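Novice: There's a structure below that I have some questions on.
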Amino acid sequence: METTAYSATPMTKAGTWSKVFTLLLLVTAAAGTTWMLVPTIGEALLFPLMIGSLILGLVLALVITFKPRTAPVVAPLYGIVEGVFVGLISYFFEAMLPGIVGRAVLTTFIVAFAMWFVYSTGLVKVTQKFRAGVTAAIFTVMLLYLVQIGMSFFGSGLPFMTGSSPLAIGVQFVIVIIASLALVLDFDYIARQVESRAPKELEWVAAFGLIVTLIWLYIEILDLLYRLAMRD
């Protein structure tokens, strides 16, 4: 990350959460609008648009990561772009299994609230070992996805990353748990930055990080519910 001068105004929990809800609203609005516009877009453009929004979202995320002072402008753009991606992927899943999106959204918020509860009440202690363990698990999952994507270009893939076998469902359930624990890291990051009186500009960075995890958790839950339904 770059080193830059920030204002002397400290970061607050209220300010951070207001930005979290702002980004969440942008994601929801963009997703809903995209969902409604899908019938007018044309099927030939849906997949390219989904891949394009995913790549653009990744680029914007990297910009915020390496240039955090851009977060007040780039984070809202990220919310809109990822909202388009979420809207498209949700539409695809809903077309295959009506009702799954509503269940996934509800489950995501239940899990997010549960993670906030266990963190805020001290049921889960965020130690250095906990941070290292969850971070290592996240990187392992990302590596598995990269391997899976790479192998897909050659017409193959990791058998436990696809399908609805007991092993595949078990792996997907573990990934959901890892994404859930990542939320605890986000909550802890916000608390530690506020406690250390970090500059107010970092509220957008913290809010961005939490939204990234929420979107990841939602997509993983959506995938898990779909795999479970395919076994019925």
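Novice: Of (1) hydrophobic (A, V, I, L, M, F, W, C); (2) touching a Leu at 6+ places or on another chain (Cβ under 8 Å); (3) open to solvent by 70 Å² or more (accessible area, probe 1.4 Å), L62 satisfies all except one. Which?
Specialist: Checking L62 against (1) hydrophobic (A, V, I, L, M, F, W, C); (2) touching a Leu at 6+ places or on another chain (Cβ under 8 Å); (3) open to solvent by 70 Å² or more (accessible area, probe 1.4 Å), the one that fails is (2).
Novice: Oh, and also: Which of the residues spanning the range 205-217 are touching a residue at least 40 places away in the same chain (Cβ under 8 Å) and either touching a strand residue (DSSP E or B) at 6+ places or on another chain (Cβ under 6 Å) or open to solvent by less than 40 Å² (accessible area, probe 1.4 Å) (or both)?
Specialist: V205, A206, A207, F208, L210, I211, L214, I215, L217 - these are the residues of the range 205-217 that are touching a residue at least 40 places away in the same chain (Cβ under 8 Å) and either touching a strand residue (DSSP E or B) at 6+ places or on another chain (Cβ under 6 Å) or open to solvent by less than 40 Å² (accessible area, probe 1.4 Å) (or both).
Novice: Which condition breaks for V86 when tested against (1) surrounded by fewer than 14 Cβ atoms within 10 Å (Cβ to Cβ); (2) more than 25 Å from R192 (Cα to Cα); (3) of a type in the set (V, I, T)?
Specialist: If we test V86 against (1) surrounded by fewer than 14 Cβ atoms within 10 Å (Cβ to Cβ); (2) more than 25 Å from R192 (Cα to Cα); (3) of a type in the set (V, I, T), just (1) comes out false.
Novice: A further question follows. Considering only residues of the range 110-124 that are part of a helix (DSSP H, G or I) and out of contact with any helix residue (DSSP H, G or I) (no Cβ under 7 Å at 6 or more places or on another chain), which is most open to solvent (accessible area, probe 1.4 Å)?
Specialist: The residue in question is F113.
Novice: On to the next question. Would you confirm, using the coordinates I've provided, whether E195 is touching a Phe, Trp or Tyr at 6+ places or on another chain (Cβ under 7 Å) and either buried (at least 16 other Cβ atoms within 10 Å of the Cβ) or under 30 Å from K67 (Cβ atoms) (or both)?
Specialist: Criteria not met by E195.
Novice: What are the residues in the range 54-91 that are of a type outside the set (A, V, I, L, M) and without any contact (Cβ under 8 Å) to a residue 24 or more places away in the chain, if any?
Specialist: The answer is T70, and nothing else.
Novice: Further question on the same structure: On the given criteria, is L45 at pLDDT below 90 and open to solvent by less than 80 Å² (accessible area, probe 1.4 Å)?
Specialist: The answer is no for L45.
The values are calculated or read from the model by the stated rules, or taken from the named source; none is laboratory data. Model, not experiment: these values are computed from the prediction. No Cβ is skipped: glycine too gets one built from the backbone with ideal geometry, and neighbour counts run over all protein chains shown. The protein model used for the area step is the full one, side chains on, heavy atoms only, and it has no ligands, DNA or RNA in it. Shrake-Rupley method; radii C 1.70, N 1.55, O 1.52, S 1.80 Å.
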